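What follows is a set of notes on a single structure, which appears directly below.
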Amino acid sequence: MANTFMGADTEALRTFAQAIRTGRDALGEAKTSVSRGARSEEIWRGGDADDFRGHIYSSVLPALDSIERSLDRLADDADGHAEEQDLASDPGGTLDAVLFLQPLPAPRPETAPRAGREAGREDGRRDGDNDGGPAQGTLGDGLPDGLGTPVPGTTVPDPGMPEWHPVDAGAGDWGSEDPTLGDQANHEAATQMASLMSVLWPDASENLLHFLGNSGADKEMDLEAFLADEPDIRSQIETRERDIGQLALERAQQSGADGPVTFPVQTGWPGTTASSDNWYYATGSGNYSMNGQVTVYPPDATNPEWRYEMNTTLNYRDQYNWDGSKSTTIDLPGPVDPTISDEQLAELHRAGLAKEFLLHGTSERRTTGP
């Protein structure tokens with residue numbers, strides 16, 4: 001990646017560094033509790049207990065050590081950039097200093113992106129109203145071509161959005177397994193990491209913390225911010241709107257309409273996948289649908305051309321779950337990068353320590369035209 005010129009808020013950088021160290025200290029306390037529990041033979045004795053302790057000493061504690069070291073390096077790096085920014089600033093403080101920085105490294109999947117969250121959507125793909133991304137499975141089809149039967153005038157009843165439901169089984173039954181000390185450690189590590197990453201990826205952090213919070217309650221997303229940050233998805237939706245509007249215009253022309261006619265609009269649930277790091281880890285892939293109406297106007301004294309005006313609501317749905325076998329490495333400064341696997345997070349759901357939930361968003365009424 002090419003170097004980037006960017007300004008820096010040194011106080012914000014130092015605050016971020018302190019937040020990282022606070023999280024590292026909390027992680028250290030959790031690690032101490034896990035280690036103390038593993039050493040206590042009053043809790044559990046026997047061959048299985050020995051194997052379990054061996055797993056903690058050989059895998060869990062070293063992983064927590066790695067995360068602690070990575071957090072130390074990240075905090076030091078933030079402080080270092082703040083110091084460089086101060087040194088680069090002009091003495092009078094009248095100009096914003098420009099610092100030559102390498103962009104903060106972004107997390108990237110080792111293999112497939114968020115494979116566990118997307119795998120269930122790869123089955124059941126069918127032809128029709130699909131613009132790529134995850135398959136629609138057995139979701140509601142919407143109206144044929146997204147358009148209903150037209151009526152004279154400028155209003156029709158809103159058909160609402162079609163049926164939507166999760167299209168994969170997720171991680172399994174919540175609370176179907178007893179939590180282990182390893183699960184408790186993974187939950188604490190994931191919580192600390194999600195909290196620390198809130199500065200870089202606020203929505204990804206917020207959604208993971210909601211999952212780890214274990215309520216399972218539906219969560220509303222900021223759909224307008226999502227569209228602002230995802231230009232490809234926004235373009236995909238705008239193209240779909242233009243296609244529906246143009247189709248309505250052609251049908252009105254073919255019908256010989258001599259006054260305004262209005263079509264109900266209700267699409268199926270095309271799939272789409274986020275590309276920015278924040279939304280990539282906040283939702284990965286989901287489905288969207290539009291409902292409302294489109295009115296076609298024939299030429300008149302004011303407008304010599306046929307035209308249409310579409311008024312629709314945009315809906316987004318995603319079942320936030322982890323059900324795959326891949327892992328995601330968080331690329332922090334330094335030689336050691338903590339890895340969180342889909343299976344570890346899925347296990348937290350089955351252990352009753354975290355819970356899958358519905359992520360949804362609904363836009364304000366959107367008015368579009370040619």
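The values are calculated or read from the model by the stated rules, or taken from the named source; none is laboratory data. Here the structure is a predicted model, which means the values were calculated and not measured. Here Cβ is always computed from backbone atoms with ideal geometry, including for glycine, and neighbour counts include all displayed protein chains. We work out accessible area using only protein heavy atoms, side chains counted, and drop any ligands, DNA or RNA first. Shrake-Rupley method; radii C 1.70, N 1.55, O 1.52, S 1.80 Å.
Can you name every residue in the range 189-242 that is farther than 22 Å from E68 by Cα and hydrophobic (A, V, I, L, M, F, W, C)? Show your work before the answer.
In the first step, residues of the range 189-242 are kept if they are farther than 22 Å from E68 by Cα; the result is 203, 207, 210-211, 213-242.
Within the range 189-242, F211, A217, M221, L223, A225, F226, L227, A228, I233, I237 qualify.
Among the residues of the range 206-225 satisfying the criterion of being in contact (Cβ under 8 Å) with a residue 24 or more places away in the chain and of a type in the set (A, V, I, L, M), which is farthest from G284 (Cα to Cα)? It would help to see each step written out before you state the result.
So in the range 206-225, the residues in contact (Cβ under 8 Å) with a residue 24 or more places away in the chain come out as 206-208, 210-224.
After this cut, where a residue has to be of a type in the set (A, V, I, L, M) as well, the list is 208, 212, 217, 221, 223.
On the way: L208: 12, L212: 17, A217: 19, M221: 13, L223: 14 Å.
Going through the qualifying residues, I end up with A217.
Of all residues in the range 144-154, which are in a loop (DSSP other than H, G, I, E, B) and open to solvent by 50 Å² or more (accessible area, probe 1.4 Å)? Give the steps one after another, and end with the answer.
Of all residues in the range 144-154, those in a loop (DSSP other than H, G, I, E, B) come to 148-150, 153-154.
Of everything in the range 144-154, those that are in a loop (DSSP other than H, G, I, E, B) and open to solvent by 50 Å² or more (accessible area, probe 1.4 Å) turn out to be T149, P150, T154.
Consider N311 carefully, then state whether it is free of Cβ contacts under 8 Å to residues at least 60 places away in the same chain and part of a strand (DSSP E or B). Walk me through how you get there before you give the answer.
Numbers: free of Cβ contacts under 8 Å to residues at least 60 places away in the same chain: yes; part of a strand (DSSP E or B): yes.
Yes.
Considering each of S285, S235 in turn, give the residue that is among the polar types (S, T, N, Q) and under 30 Å from Q192 (Cβ atoms). Steps first, please.
Details: S235 fails: under 30 Å from Q192 (Cβ atoms).
Every option except S285 fails the conditions.
Give the range 17-41 a look and list any residue that's over 17 Å from Y57 (Cβ atoms) and either in contact with a Cys (Cβ under 6 Å, 6 or more places away or on another chain) or open to solvent by 20 Å² or more (accessible area, probe 1.4 Å) (or both), or say none.
Correct list: Q18, A19, R21, T22, R24, D25, A26, E29.
Restricting to the range 180-215, and then to whatever is among the polar types (S, T, N, Q) and not in a loop (DSSP other than H, G, I, E, B), can you tell me which residue is modelled with the highest pLDDT?
N207
Hey, any hits in the range 155-166 for a residue that's touching a helix residue (DSSP H, G or I) at 6+ places or on another chain (Cβ under 7 Å) and open to solvent by less than 20 Å² (accessible area, probe 1.4 Å)? Talk me through it step by step, then tell me what you get.
As a first pass, look at the range 155-166 and keep what is touching a helix residue (DSSP H, G or I) at 6+ places or on another chain (Cβ under 7 Å): none.
Taking every residue of the range 155-166 in turn, none turns out to be touching a helix residue (DSSP H, G or I) at 6+ places or on another chain (Cβ under 7 Å) and open to solvent by less than 20 Å² (accessible area, probe 1.4 Å).
Out of all the residues in the range 195-212, which are under 16 Å from D72 (Cα atoms) and of a type in the set (A, V, I, L, M, F, W, C)?
Within the range 195-212, the subset under 16 Å from D72 (Cα atoms) is 195-197.
Matches in the range 195-212: L196, M197.
Of the numbered conditions (1) within 14 Å of F211 (Cα to Cα); (2) at pLDDT below 90; (3) in contact with a Pro (Cβ under 7 Å, 6 or more places away or on another chain), K326 fails exactly one; give the number of that condition.
Tallying (1) within 14 Å of F211 (Cα to Cα); (2) at pLDDT below 90; (3) in contact with a Pro (Cβ under 7 Å, 6 or more places away or on another chain), K326 fails exactly one: (1).
All but one of (1) open to solvent by 20 Å² or more (accessible area, probe 1.4 Å); (2) at pLDDT 95 or above hold for T312, so report the exception by its number.
(1)
Of all residues in the range 42-80, which are within 17 Å of F16 (Cα to Cα), of a type outside the set (D, E) and surrounded by fewer than 20 Cβ atoms within 10 Å (Cβ to Cβ)? Spell out how you get there, then give the answer.
Taking the range 42-80 first, the residues within 17 Å of F16 (Cα to Cα) are 67-80.
Still in the list and also of a type outside the set (D, E): 67, 69-71, 73-75, 78, 80.
Matches in the range 42-80: R69, R73, G80.
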